[in-house]
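Student: The structure is given below, and queries will be raised subsequently.
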Amino acid sequence: MDPSNFASQYWEYITTHYTEQQIAVFFTFVIHEVVYFGSYLPWFLGDFLPSSAKYKLQPTKKNSYAIQMNCFKRLLLSHFFIELPGMFAAHTAFQYMNMSMSMPLPSWSSVLYVCIMSFFIEDFYFYFVHRLLHYGPFYKYVHKVHHEHAAPLGMAAEYAHPVEVIFLGLGTVLGPFLLADHVFTMHVWLVVRVMQTVEAHVGYDFPFSPRRWIPFFGGAEYHDFHHETFSGNYASTFIIWDYVFG
């Protein structure tokens, strides 16, 4: 199946049957939830496969059922009461920027460009906000929540204090806000960004992990070190800013 034709048919269908607000807010929310929990599922199943144990980065630490359920419950509260209202706010901002929802869709080269640049923009933003969150009261009252998982699991990628969810979420939409001109591009970016942050928290370093074939990519090994030691490796995606700024 031609991806371009499929995407065009899909977009034409939803724009015909749903309002702009439904697409920009509720479709975005559903995409986020499906990708977030769906991309974590294979890593979750890996916890039950003995063959995956040798790839676990902190093999002596186990994420119990109680830990995972607490994480899941807090995530649902955060997603529905912090992120969903944030999507309403983002929709208003994108309307102000005249972001399109109509046909035709942007070219795949345009979508790829926005996604790549958004990774660099978000990573740069994340690095400095993350370093600030490790300072004194910001860590004690805000960021410490995320570090409750010293041995992270993919589902804990967005397990954080509401203040942190808001400020780091701004970094996620900053790239599309500056560069994208279509909501479809925002949706594609959301998919790849969510998959990336889940992978960074899975706690496994498999032979097929992205860091092994994407230059300067941090991945799970890089971010797991940060959770284990509570310092260093502050960037979200690449290793560049930690080398440049220390």
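The values are calculated or read from the model by the stated rules, or taken from the named source; none is laboratory data. Since the structure is predicted, the reported quantities are computational estimates derived from the model, not experimental observations. With ideal geometry, Cβ positions are generated from the backbone for all residues, glycine too; neighbour counts draw on all protein chains shown. Just the protein is used for accessible areas: all its heavy atoms, side chains included, with ligands, DNA and RNA removed. Shrake-Rupley method; radii C 1.70, N 1.55, O 1.52, S 1.80 Å.
Student: From the phi of every residue in segment 92-105, what ³J(HN,Hα) in whole Hz does the Karplus formula 6.51 cos²θ - 1.76 cosθ + 1.60 yield, where θ is phi - 60° and glycine or proline is x?
Tutor: Using θ = phi - 60°, the values come out as 4, 5, 5, 5, 4, 8, 6, 6, 7, 10, 8, 7, x, 6 Hz.
Student: Only Lys, Arg, Asp and Glu count, each charged at its Cβ (+1, +1, -1, -1), so figure out the dipole size of the chain about its Cα centre, rounded to 20 debye.
Tutor: The calculation lands at about 660 debye.
Student: Further question on the same structure: Please name which of 97, 179, 124 has its Cα lying farthest along the dipole of segment 88-211 towards the positive end, using unit charges on Cβ (Lys, Arg +1; Asp, Glu -1) and the Cα centre as origin.
Tutor: Value: 124.
Student: Under 12 Å from a label point 7 Å along Cα→Cβ of residue 178: give me every residue in segment 115-132 with its amide N that close.
Tutor: 117-126
Student: How much area per residue is accessible in segment 151-246 when the probe is 1.4 Å and only protein heavy atoms are counted (Å²)?
Tutor: I get 39 Å² per residue for this part.
Student: Compare the Cα positions of 218, 109, 6 along the charge dipole of the chain (+1 at Cβ of Lys, Arg; -1 at Cβ of Asp, Glu; about the Cα centre) and return the one farthest towards the positive end.
Tutor: Comparing the listed Cα positions along the dipole, 218 ranks first.
Student: Of the listed peptides 226-233, 142-149, what is their order by residue-averaged count of other C-beta atoms within 10 Å, with the highest listed first? Let's see the in-between values first.
Tutor: Values: 226-233: 15.2, 142-149: 18.1.
For the peptides 226-233, 142-149, the packing ranking is 142-149, 226-233.
Student: Efficiency by 1/(1 + (r/R0)^6): what FRET value for residue 20 and residue 62, r their Cβ-Cβ distance, R0 = 35 Å, to the nearest 0.05?
Tutor: Computed FRET efficiency for residue 20 and residue 62 comes out at 0.15.
Student: Given the alpha-carbon gyration tensor of segment 178-245, what are the semi-axes of its equivalent ellipsoid in whole angstrom, ordered largest first, with each equal to the square root of 5 times an eigenvalue?
Tutor: Details: eigenvalues 112, 44, 26 Å².
Semi-axis lengths for segment 178-245 are 24, 15, 11 Å.
Student: Follow-up question, since we're still on this one. How big is D, in µm² s⁻¹, for segment 1-100 by Stokes-Einstein at 4 °C and 1.567 mPa s if Rh is the Kirkwood radius over C-alpha pairs?
Tutor: Answer, rounded: 77 µm²/s.
Student: Of the accessible area of the chain, with the probe set at 1.4 angstrom, what percent is carbon plus sulfur? Show your work: numbers first, answer last.
Tutor: Numbers: 9000 of 12870 Å².
The computed percentage sits at 70.
Student: Using square roots of five times the C-alpha gyration tensor eigenvalues, list the equivalent-ellipsoid semi-axes of the chain in whole Å, biggest first.
Tutor: Square roots of five times the eigenvalues give 30, 20, 19 Å.
Student: Taking the full set of protein chains and a 1.4 angstrom probe, give the accessible area of residue 174 in square angstrom, rounded to the nearest 10.
Tutor: Counting only protein heavy atoms, residue 174 exposes about 60 Å² to solvent.
Student: Tell me, Kirkwood radius of segment 57-188 from alpha-carbon pair distances, in Å?
Tutor: Taking the inverse mean of 1/r over all distinct Cα pairs, segment 57-188 comes out at 16.6 Å.
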